[in-house]
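The values are calculated or read from the model by the stated rules, or taken from the named source; none is laboratory data. The model shown is predicted, which means the values in this text are computed figures rather than measured ones. No Cβ is skipped: glycine too gets one built from the backbone with ideal geometry, and neighbour counts run over all protein chains shown. We work out accessible area using only protein heavy atoms, side chains counted, and drop any ligands, DNA or RNA first. Shrake-Rupley method; radii C 1.70, N 1.55, O 1.52, S 1.80 Å.
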Amino acid sequence: MRNLNQVVIAVVLIGTAAAAADQRVKVDFEKDEVGKAPKGFSFAVTGQGKPGVWVVRKDDEAHGNVLVQTDPDRTDYRFPVAVYDDFNGKDVDLSVQFKAISGKGDQGAGIVWRYRDANNYYITRCNALEDNCTIYHVINGRRQAFLNHNVKVASNLWHSLRVEAIGDHFVVTYDGRSVLDAKDGTFKDAGKVGLWTKADSVMAFDDFSIAAR
């Protein structure tokens, strides 16, 4: 009987681990109220300036409700972050669709992972004014790039951004094409995930897909 109990416990543990590894969430904002912040997110800002104002808006027929960071505060070292509350992971597969609406200083949209707090996390972002995609780590509030690649990022068009993070290896895909392949060991532990903008960027996001790996 004891051996049977051990087998049952082992099966339960394996099943629980497999379920955790296969955890998948897709946030499309369709159930959120237009004009208000979406449920299930917390908001923060790295750097100086005003905190971001994140609200749900109606977009085109294809996208329906989308999340928009609407505050155009032009403080240069200002990074509003929308953190998803119900997920914590180390190895992740994250993707989102984004659209640059406006911004004179910046038009940057990004994905955050292994988020500890507003001053410590990884970020990959694409910028419609600079036409590039970059990976950074933010350490004690200081953002440092460790890989960059030039790509065309048109404003007022929807694009896709994806990051696969396994251990210290990160692969970034933009509009279906792999553009960044990097390694970094700064943050080794699990953390939150989220969405990110910079300075006066007014950016729309949709279909935020979150999966544990």
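Among the residues of the stretch 83-91, are any under 23 Å from D207 (Cα atoms), at pLDDT 95 or above, within 19 Å of the chain's Cα centre (by Cα) and assigned to a loop (DSSP other than H, G, I, E, B)?
For the stretch 83-91, residues under 23 Å from D207 (Cα atoms), at pLDDT 95 or above, within 19 Å of the chain's Cα centre (by Cα) and assigned to a loop (DSSP other than H, G, I, E, B): present.
For R213, indicate whether it is farther than 29 Å from D73 by Cα, modelled with pLDDT under 95 and open to solvent by 10 Å² or more (accessible area, probe 1.4 Å).
yes
I'd like the full set of residues that are part of a loop (DSSP other than H, G, I, E, B), crowded, with 19+ Cβ neighbours inside 10 Å and touching a Gly at 6+ places or on another chain (Cβ under 8 Å), limited to the stretch 183-203.
Correct list: K198, A199, D200, S201.
Answer yes or no as to whether D168 is open to solvent by 50 Å² or more (accessible area, probe 1.4 Å), of a type outside the set (A, V, I, L, M) and in contact (Cβ under 8 Å) with a residue 24 or more places away in the chain.
Considered against the rule, which asks whether it is open to solvent by 50 Å² or more (accessible area, probe 1.4 Å), of a type outside the set (A, V, I, L, M) and in contact (Cβ under 8 Å) with a residue 24 or more places away in the chain, D168 comes out as no.
Is there any pair linking a residue in the stretch 135-147 that is touching a residue at least 40 places away in the same chain (Cβ under 8 Å) and closer than 14 Å to R116 by Cα to one that is small (G, A, S) and not in a strand (DSSP E or B), with Cβ under 8 Å and at least six apart or on different chains, and which?
Cβ pairs passing all conditions: G141/A118.
If we keep just the residues of the stretch 40-76 that are open to solvent by 70 Å² or more (accessible area, probe 1.4 Å) and touching a Gly at 6+ places or on another chain (Cβ under 9 Å), which is farthest from N120 (Cα to Cα)?
Ranking the candidates gives K58 first.
Are there any pairs, at least 6 apart or on different chains, whose C-beta atoms fall under 9 Å, with the first in the stretch 28-55 and in a strand (DSSP E or B) and the second β-branched (V, I, T) and surrounded by fewer than 18 Cβ atoms within 10 Å (Cβ to Cβ), and if so, which?
Here the result reads F43/V53; G47/T75; W54/T70; V55/V34; V55/T70, each pair linking the stretch 28-55 to a residue that is β-branched (V, I, T) and surrounded by fewer than 18 Cβ atoms within 10 Å (Cβ to Cβ).
What is the number of the single condition among (1) over 22 Å from V163 (Cβ atoms); (2) surrounded by fewer than 18 Cβ atoms within 10 Å (Cβ to Cβ) that D91 does not meet?
The failed condition is (1).
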